[in-house]
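Student: Mind having a look at this structure? Questions to follow.
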Amino acid sequence: MIHLSDVHLSYNSAVGAKTDVLKGVDLHIPKGKYASLIGPNGSGKTTIAKIVKGLITPDSGTVEVAGKRISPEELVDDVGLVFSNPENQIVSAVVEEDIAFGLENQSVPTSEMKGRVSDALERLNLSQLKKMPPHHLSGGEQQRLVIAGILVLGSKILILDEATSMLDSRGRRDILRLIRDLNRREGLTVLSITHSLVEAILSDIVLVLDGGEIIFYGPPIKFLFNDGILERLKIDLPEFLVLIRRLADEGFDLPSENVGIEEVAEALEGIHGGT
């Protein structure tokens with residue numbers, strides 16, 4: 001679904017010095033998978049998101065999205081970007097009008113537009129808020145509105161760029177549950193850029209970007225046990241993730257993907273039930 005091969009990108013600074021941002025990045029995210037991209041600040045994570053969307057053209061290498069090679073300066077309709085501050089992506093004064101905005105720009109017939117907006121409102125649990133001004137919504141509800149405006153256009157790939165960083169704990173939890181549900185129920189392909197290890201291990205695939213290269217690609221449980229990567233990134237695992245490692249060391253058969261609290265609890269219940 002998303003495939004980058006030997007992608008290079010550099011910038012020229014204000015003084016004319018050349019800075020290499022991406023140095024031969026190879027990245028593959030299969031259709032319907034949920035991947036998380038982590039790495040230090042300034043490592044190029046957002047740059048990769050913009051390349052996949054077509055907002056930035058790399059210096060060299062190939063970019064394929066949904067089976068199609070992306071040409072320079074070609075925006076990819078199949079990809080929707082969600083950034084940290086939803087207010088920057090909301091353009092209308094009423095919820096349902098904001099969802100319809102992109103469809104209006106595409107000159108979608110009114111009858112079809114109403115049906116698609118109604119469907120998006122239901123999918124994102126916003127039906128009861130459709131007449132509300134977006135600035136009256138909570139941060140989590142605003143992010144759901146942004147996602148609804150993307151999905152109503154038929155986007156099959158969702159890129160979250162620190163999309164939960166401005167939310168409170170409840171809003172963060174609700175958005176993560178929503179994304180996982182869309183991924184599992186509808187087959188939405190997800191790339192989540194995050195600094196949160198707890199968020200990253202909820203995915204199918206963890207990717208680590210450092211020094212302009214992908215230095216790790218694999219399931220979250222393998223990431224948690226890769227001491228070399230953890231040391232390189234100077235990561236101290238929170239207690240919950242330390243517990244997961246200890247359980248695995250003790251022989252508990254933990255899931256290899258989506259290693260969250262619910263999955264660990266299910267694994268432990270299964271072990272307990274079988275003894």
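Every read-out reported here was derived from the displayed coordinates using simple, explicitly stated rules and does not represent laboratory data. Computed from a prediction, not measured in an experiment: that's the story for all the values here. Using ideal geometry, Cβ is built from the backbone for each residue, glycine included, and neighbour counts are taken over all protein chains shown.
Student: Compute, for the chain, the length of the dipole vector about the Cα centre, with Cβ point charges of +1 (Lys, Arg) and -1 (Asp, Glu) only. Units Debye, rounded to 20. Before the final figure, lay out the partial values.
Tutor: On the way: 28 positive and 40 negative charges, 72 e Å.
Dipole size: approximately 340 debye.
Student: Assuming a ≥ b ≥ c are the square roots of the Cα gyration tensor eigenvalues, decide whether the range 66-203 counts as rounded (a/c under 1.5), prolate (otherwise, with a/b larger than b/c) or oblate. Could you put the intermediate results ahead of the total?
Tutor: On the way: a/c = 1.65, a/b = 1.11, b/c = 1.48.
Oblate shape, in that a/c is at least 1.5 and b/c is the bigger or equal ratio.
Student: Please return the longest range in the chain lying between exposed loop sites, taking GluC sites (Glu not before Pro), DSSP loop only, at most 11 other beta-carbon atoms within 10 Å, and leaving the sites out.
Tutor: Working: sites that count: Glu73, Glu250.
That would be 74-249.
Student: Within the set of other residues whose C-beta is less than 10 Å from the C-beta of Leu103, count the net charge using Lys and Arg as +1 and Asp and Glu as -1.
Tutor: Numbers: positive: Lys114, Arg116; negative: Glu104, Glu112.
Surrounding charge for Leu103 is 0.
Student: So, R0 is 30 Å and r is the distance between the beta-carbons of Asn85 and Val15; what FRET efficiency does that work out to, to 0.05? Don't jump to the answer; show the numbers that get you there.
Tutor: Values: r = 30 Å, r/R0 = 1.01.
About 0.50, to the nearest 0.05.
Student: Suppose each label sits 7 Å from its Cα in the direction of the beta carbon; what would the Asp227-His195 distance come out to in nanometres?
Tutor: Output for this residue pair reads 2.8 nm.
Student: Starting from the range 1-79, pick out the trypsin sites (Lys or Arg not before Pro) whose DSSP state is loop and whose Cβ has at most 16 other Cβ atoms within 10 Å. Mind dumping the intermediate values first?
Tutor: Working: sites: Lys18, Lys23, Lys31, Lys33, Lys45, Lys50, Lys53, Lys68, Arg69; in loops: Lys31, Lys33.
Sparse-neighbourhood loop trypsin sites (Lys or Arg not before Pro): Lys31.
Student: Let me ask something else. Divide the volume of the convex hull of the Cα atoms of the range 79-155 by its number of residues and quote the answer in cubic angstrom per residue.
Tutor: On the way: hull volume 6.2 nm³, N = 77.
Output value, Cα hull per residue: 81 Å³.
Student: Here's another thing I want to ask about it. Calculate, in nm to one decimal, what Ser165 and Leu247 gain on full extension: separation in residues at 0.36 nm each, minus their alpha carbon distance.
Tutor: On the way: separation 82, 0.36 × 82 = 29.52 nm, distance 2.92 nm.
Answer, rounded to one decimal: 26.6 nm.
Student: Next up: What full-extension length gain, to one decimal in nm, is calculated for Asp59 and Glu122 as 0.36 nm per residue of separation minus the Cα-Cα distance? Mind dumping the intermediate values first?
Tutor: Working: separation 63, 0.36 × 63 = 22.68 nm, distance 4.17 nm.
Contour length minus Cα-Cα distance gives 18.5 nm.
Student: In the chain, how does Rg compare with the Kirkwood Rh, expressed as the Rg/Rh ratio over alpha carbon atoms? Let's see the in-between values first.
Tutor: Details: Rg = 19.9 Å, Rh = 20.0 Å.
Taking Rg over the Kirkwood Rh, I get 0.99.
Student: Calculate one ³J(HN,Hα) per residue across the range 218-232 by plugging θ = phi - 60° into the Karplus curve 6.51 cos²θ - 1.76 cosθ + 1.60, and present them in order as whole Hz with x for glycine and proline.
Tutor: Whole-Hz 3J(HN,Hα) from phi for the range 218-232: x, x, x, 5, 6, 4, 4, 9, 8, 4, x, 5, 4, 5, 4.
Student: Between the range 10-26 and the range 56-123, how many Å separate their Cα centres?
Tutor: After rounding, the separation between the Cα centres reads 29 Å.
Student: Given a Förster distance of 51 Å, report the FRET efficiency between His136 and Glu73 from their Cβ-Cβ distance, rounded to the nearest 0.05.
Tutor: 0.85
Student: Report the residue, chosen from Gly67, Gly251, Gly80, that carries the largest GNM mean-square fluctuation when the chain is represented by alpha-carbon nodes joined by springs under 10 Å.
Tutor: Result: Gly251 has the largest fluctuation of those listed.
Student: Is the shape of the range 186-245 best called rounded, prolate or oblate, per the rule: a/c under 1.5 gives rounded, else a/b larger than b/c gives prolate, else oblate, with a ≥ b ≥ c the square roots of the Cα gyration tensor eigenvalues?
Tutor: Numbers: a/c = 1.89, a/b = 1.19, b/c = 1.58.
Taking the square roots of the gyration eigenvalues as a ≥ b ≥ c, the range 186-245 is oblate.
Student: Given 0.36 nm per residue, what is the gain on full extension from Asp236 to Arg185 after removing their alpha carbon distance, in nm?
Tutor: Numbers: separation 51, 0.36 × 51 = 18.36 nm, distance 3.35 nm.
Contour length minus Cα-Cα distance gives 15.0 nm.
Student: For the chain, what relative contact order do you get, as a whole percent, if you take Cα pairs closer than 8 Å and at least 6 residues apart?
Tutor: Working: 475 pairs, mean separation 61.4, N = 275.
Relative contact order comes out at 22 percent.
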